[in-house]
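Quick note: the coordinates plus some simple rules give every number you see, no bench work behind them. Note that the structure is a prediction, hence the values are computed from the model and not measured. Glycine gets a Cβ as well: all are built from the backbone with ideal geometry, and neighbour counts include every protein chain shown.
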Amino acid sequence: MIRPAHLRGWSRSGLLALSMTLGACSLWPFYPAPPPIANLPATWSGDVTCPGCVPHQQALTLFADGSFHLRDEYPASKRRRGSEVFFDVGRWSRLSGDESRLILRGGSEAVRQFRLQADGHLRQLDPSGSDIRSIRDYVLNRETGLDPIAGPMRLLGQLSIHADAVRFQECLTGRDMQVIEALPVSVSKQYRVAQKLLDADAETPVLTSVLGSFSARLASANESAAGPVWQLDIQRVKRFWPGETCAIGAGAASLPLRDTPWRVLAIGNEPIPADPLAPPLALRLHDDGHVSGHSGCNTLRSAYRADDNALSFDAVSTTRRACIGPSQQALERAWLQVLQQTAAYRVVGSYLELLAGDRVLARLIANEMH
């Protein structure tokens, strides 16, 4: 047997061991180096319905500044009366050491992961970053056109009003945007009241939850922006949160939905009044699927189901302790009604929002934060 020059001097047993080692290495998945993501922004979309599940369409747009917009759409079907749409925004990055993997961190609890394939499409991965073993290919195809996924969607950020200039710095993407439509006078007055509660000057922004739509324009000659200039159209200001910041909430790593003790801050737009005689309204979703909490008068128990951003509770059972007065009784009734109506959720930093469609039913904060 004639051996290649670089293998001369190897014994037969050594060559056998080498071939076995190389054979074993071939069992590991091999991912070719991905091409750079060219021509951003770009949109990927596809059908990501799991076998036996309700239809699920997903669209993802990546921007060159490291931000993303994502839309999960569940069309009407025999199992779902009306269509539902959920949005997410945040930052994306490529994993060091495996640059084919894209990591998306937004307002949803779980970090989303995708693999950039050699053909330019994106394959959805499971929460651990592994390929999903299924009869379905969870692939988003790169589109020739651009879908900005503009909204309208719920956003949390720092609102500032200076003379006629209104700006909004969104918490999850970090974008500092010009608000393109003037806010109603009533909203401006509420903003000034919130600033007074902070005992702050006119330069201090206020954390604000809004319903808004993104837009962008090209930078003018006298602007230093390297890319598009982001703008925001605010359709509705939902709530001011004086004294709270992105650094506490969305700027921090999002806490997990499960096994985090949550305390209710507000039901709808009504903040929960402080009552030293009553336990706070509380909620905890345990890993085994059961729910514990407090209604202000009684302890409560239930079970829950959570999938992606969907969340629902079974019938709630409570202890039979009587409430101290009618106001406490009304608050308990409102809190139990929130749990019955909840259909989805959103975790932003240390805050949890319970949702029904576009309505924020309740806003909670992780107990260890306060």
*If amide H atoms are built 1.01 Å from N in the plane of the peptide, which residues on other chains or at least 5 residues away come under 5 Å of the amide H of Thr260?*
Leu285
_Quick check on packing: order 181-189, 300-308 by the mean number of other C-beta atoms within 10 Å, highest mean leading._
300-308, 181-189
_Per-residue HN-Hα couplings for region 257-273 [Karplus 6.51, -1.76, 1.60; θ = phi - 60°; Hz; x = Gly/Pro]_ = 4, 7, 6, 9, x, 9, 10, 6, 8, 7, 10, x, 9, 9, x, 6, x
*Can you list the HN-Hα couplings for region 329-341, worked out from phi with the Karplus curve (6.51, -1.76, 1.60; θ = phi - 60°), rounded to whole Hz and with x for Gly and Pro?*
5, 5, 5, 4, 4, 5, 5, 5, 5, 4, 5, 5, 8
_Computed label-point distance, nm, for sites Ile132 and Ala118 using a 7 Å Cα→Cβ extension_ = 2.4 nm
_If I take R0 = 41 Å and measure r between the Cβ atoms of Ala64 and Gln341 in this structure, what FRET efficiency does the formula 1/(1 + (r/R0)^6) give, to the nearest 0.05?_
0.55
*Could the peptides 287-297, 44-54 be put in order, highest first, of the mean number of other beta-carbon atoms found within 10 Å of their residues?*
287-297, 44-54
*In nm, what is the difference between 0.36 nm times the number of residues separating Arg320 and Leu95 and their Cα-Cα distance?*
75.8 nm
_Gyration tensor over alpha-carbon atoms, region 102-194, equivalent ellipsoid semi-axes in Å_ = 39, 15, 10
*Mind listing the long-range amide H neighbours of Arg236? Cut-off is under 5 Å, sequence gap 5 or more, other chains count too, H placed in the peptide plane at 1.01 Å from N.*
Leu211
*Using θ = phi - 60° and the Karplus form 6.51 cos²θ - 1.76 cosθ + 1.60, what ³J(HN,Hα) does each residue of region 294-306 get, whole Hz, x for Gly and Pro?*
9, 9, x, 10, 9, 6, 10, 9, 6, 10, 9, 10, 10
*Grab the other residues whose beta carbon is less than 10 angstrom from that of His290, score K and R as +1, D and E as -1, and report the net.*
-1
*Describe numerically, in nm with one decimal, the distance between label points set 7 Å from Cα along Cα→Cβ at Ser292 and at Asp176.*
4.6 nm
*asked:* Need the C-alpha centroid separation for region 288-349 versus region 48-63, integer Å.
replied: 29 Å
*Given a Förster distance of 25 angstrom, what is the FRET efficiency for Arg192 paired with Arg236, based on the Cβ-Cβ distance and rounded to 0.05?*
0.85
*Would you pull out the residues with amide H under 5 Å of Ala216's amide H, same chain only if 5 or more places away, H placed 1.01 Å from N?*
Gln231
*Just add up the charged neighbours of Leu300: K/R +1, D/E -1, any other residue whose Cβ is under 15 Å from the Cβ of Leu300.*
+4
*What is the sum of charges around Ile267, taking Lys and Arg as +1, Asp and Glu as -1, for the other residues whose C-beta is under 12 Å from the C-beta of Ile267?*
+1
